[in-house]
Amino acid sequence: MSLIEVAKLKKAYGDIDVLKQISFGVNKNDVVAMIGPSGSGKSTLLRSLVHLENIDGGSISIAGDYLVNEGIYAKPPEIKKITAKMGMVFQHFNLFPHLTVKENLEIAPKMVKKELSMVLEKRSRELLAKVGLENRASAYPAKLSGGQKQRVAIARALMMEPEILLFDEPTSALDPELTGEVLQVMKDLAEEQMTMIVVTHEMGFAKEVANKVVFMDKGEILETGKPNELFDHPKNERTKLFLQRVN
Amino acid sequence: MSIDYMNTILRPMLEGAQVTILLFFIVIVFSIPLGFLLTLAVRSSIKPLAWIAQAYIFVVRGTPLLLQLLVICFGLPMLPGIGEFLVLPRFMAACIGFVLNYAAYFAEIFRGGLLAIDKGQYEAAQVLGMNKWQSFSRIILPQMFRVALPAVSNESITLVKDTSLLYAVAVPELLHFAQTAVNRDFSIVPYFFAGLIYLIITFILTIVLKKLEKRMKFE
Ligand SMILES: Nc1ncnc2c1ncn2[C@@H]1O[C@H](COP(=O)(O)OP(=O)(O)OP(=O)(O)O)[C@@H](O)[C@H]1O
Ligand SMILES: [Mg+2]
């Protein structure tokens, strides 16, 4: 079943076309690794899905509802409902520094969904345990390592119970020795059949965990395939070049 | 120097200090919210409102507080026609002058505080489904106050000392009574006591503000 359907998506900053007629789909339970050189438009694409960017043309549909249909956006309440199906994890975590870990997790569902604090406390405890941070609930983000921060950010996104999780280079801001703990949490999520799109430079993770790899360059998707196909037998010249450079 | 003499000069000075402290609290209580409203006005998408707020801040920060106080206390009542309605009790007029002045400074401080907040904070709140108001009140504002606090502290210490400008518009306060005693007794001692009282006030204020800063460190 197709959860995300993108057709002919166009996005420009001024005269520069950042995304040129992008089309692709994500099925339920897919783990999509999105790779490509810097500036190719990976972040912009991800941000367009959750409406952090306004696109200039094309369509995006999420679980059957159009966020944008041929360049025309849904009404704001609709947009809210549609984007609520997605959670996002940022490169720089973007935790709320004035709130404790527990408060970071609970503030959005409390304010947005008006859920009971009893329910939220149970869920935040479970999610913190899942990312291995049950004993840091009352810490402020400033006291956490980068890897811990990113795990809190993942738990925070999960608190809203999204159907799809988007990751924009979740380990790029981390010291190399801290990437493992974050990748492990993502691997666990993949095993639980979470639908994910992960923009990443971690080719190992893409090979091992993704079931689909998308290669982007200069605002276009040049190649899509299963990890072993795309990594071992890339068809496109630019894909080959890129893979040579990163390996 | 006898205890009696100290008593005769200190008593009026301490009474004057009450006026100083009263002015301080009135200005803090009114100019901080007003300054915050000015910040919002400057950032407003209603352009004329933003321009007016910017012009206001420019004029107030670009001219001396003393001049502003003189205008409000002595200048406005001289306006033909409406002047007679602008005669206020001197202390109240001075309070208005101080509040209007400090609001402009606080507005600039808060504006800086908002600029210091990473845009990722707005984005994280949006992606979590919060609306503009929720994200502003619960995510942005608390961080703005935290960032602004050291500058607000600084400004409030300056305010303690600026209260002595009441002297120039003839509202009897600490410095006024010190000067009276100096003139009467031809002695430097009252100045010394005045300085000591200001020091004690700023010292207490500093301790309180440091406590507050520590509590808002979020660590
Ligand atoms: N706000 C913006 N204004 C103007 N140009 C922008 C803006 N954001 C991104 N761009 C441009 O859009 C292009 C795509 O950027 P994007 O961040 O999506 O690339 P990316 O694939 O995520 O790169 P990286 O791997 O470095 O994160 C780049 O050329 C970038 O300079
Ligand atoms: Mg990027």
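The values are calculated or read from the model by the stated rules, or taken from the named source; none is laboratory data. Small disclaimer: the values here were computed from a predicted structure and weren't measured. Neighbour counts run over all protein chains shown; Cβ positions are idealised from the backbone, glycine included. When the accessible area is computed, the model is the full protein with side chains, heavy atoms only, and any ligands, DNA or RNA have been set aside. Shrake-Rupley method; radii C 1.70, N 1.55, O 1.52, S 1.80 Å.
Things to note:
- Degrees, to the nearest 10: A:146-159 long Cα axis against longest axis of chain A: 90 degrees
- Label point distance in nm, A:Ser2-B:Leu37, each placed 7 Å from Cα along Cα→Cβ: 5.4 nm
- Angle between chain B longest axis and helix B:189-215 axis [Cα atoms, degrees, rounded to 10]: 20 degrees
- Minimum 10 Å² accessible area buried by the other protein chains, region B:197-219 residues, probe 1.4 Å, relative to alone: B:Phe218, B:Glu219
- The H on the amide N of A:Val18, modeled in the peptide plane, is under 5 Å from the matching H of A:Lys11, A:Ala12, A:Tyr13, each at least 5 residues off or on a different chain.
- What the phi angles of region A:73-84 give under the Karplus curve with 6.51, -1.76 and 1.60, with θ = phi - 60°, is a coupling list of 6, 5, 5, x, x, 4, 4, 4, 5, 6, 6, 5 Hz, glycine and proline written as x.
- 15 Å reach of a label modelled at A:Asp56, 7 Å along Cα-to-Cβ, counting backbone N of region A:16-35: A:16-22
- Note, ³J(HN,Hα) from phi for region B:174-181, Karplus 6.51, -1.76, 1.60, rounded to Hz, x at Gly and Pro: 3, 5, 4, 5, 4, 5, 4, 5
- Lys, Arg +1 and Asp, Glu -1 on Cβ, resulting dipole of chain A about Cα centre, debye, nearest 20: 440 debye
- For region A:42-108, accessible area per residue (1.4 Å probe, heavy atoms of protein chains only), Å²: 37 Å²
- In this simple spin-label model, placing a label point 7 Å from the Cα along the Cα-to-Cβ direction at both B:Met6 and B:Val208 gives a separation of 2.6 nm.
- Residues in region A:94-131 that, when all protein chains are in place, have 40 Å² or more less accessible area than the chain alone would give (probe 1.4 Å): A:Asn94, A:Phe96, A:Pro97, A:His98, A:Ile107, A:Met111, A:Val112
- Estimated 222 nm signal from helices in chain A, with DSSP H stretches of n ≥ 4 weighted -39500 (n - 2.57), rounded to 500: -11500 deg cm²/dmol
- FRET efficiency for the pair B:Phe74 and A:Lys143, taken as 1/(1 + (r/R0)^6) with r the Cβ-Cβ distance and R0 = 60 Å, rounds to 0.60.
- List A:Ser172, B:Ser187, B:Ser45, ordered by accessible area with a 1.4 Å probe, largest first: B:Ser45, A:Ser172, B:Ser187
- FRET efficiency estimate (nearest 0.05) - Cβ-Cβ, B:Phe218 to B:Trp133, R0 35 angstrom: 0.95
- Helix axis angle, A:101-112 relative to chain A longest principal axis, alpha carbon, degrees: 80 degrees
- Take the accessible area of A alone and of B alone, subtract that of the pair with a 1.4 Å probe, and the total buried over both chains is about 2000 Å².
- In this Cβ point-charge picture (+1 for Lys and Arg, -1 for Asp and Glu), the protein assembly as shown has a dipole of about 420 debye about its Cα centre.
- Separation of the A:Gln193 and A:Asp232 label points, Cα + 7 Å toward Cβ, nm: 2.8 nm
- Per-atom-type breakdown for chain A gives carbon and sulfur 50% of the accessible area (1.4 Å probe, protein chains only).
- Percent RCO, i.e. relative contact order, over chain A, from Cα pairs under 8 Å lying at least 6 residues apart: 25 percent
- Which of A:Glu223, B:Glu213, A:Glu126 is most accessible, then next, and so on - probe 1.4 Å: A:Glu126, B:Glu213, A:Glu223
- Computed FRET value (nearest 0.05) for A:Ala173 with B:Phe192, which takes r as the C-beta separation and R₀ as 56 Å: 0.45
- Rounded to the nearest 20, the Cβ-based charge dipole of region B:3-217 about its Cα centre (Lys and Arg +1, Asp and Glu -1) stands at 820 debye.
- Rolling a 1.4 angstrom probe over chain B with all protein chains present gives an accessible area of which 71% lies on carbon and sulfur atoms.
- Each other residue within a Cβ distance under 10 Å of A:Leu158 adds +1 if Lys or Arg and -1 if Asp or Glu, for a net charge of +1.
- A:Met186, B:Met92, B:Met78, A:Met194, reordered so the largest accessible area comes first (probe 1.4 Å): B:Met78, B:Met92, A:Met194, A:Met186
- Residue-normalised accessible area of region B:3-217, expressed per residue, 1.4 Å probe, Å²: 55 Å²
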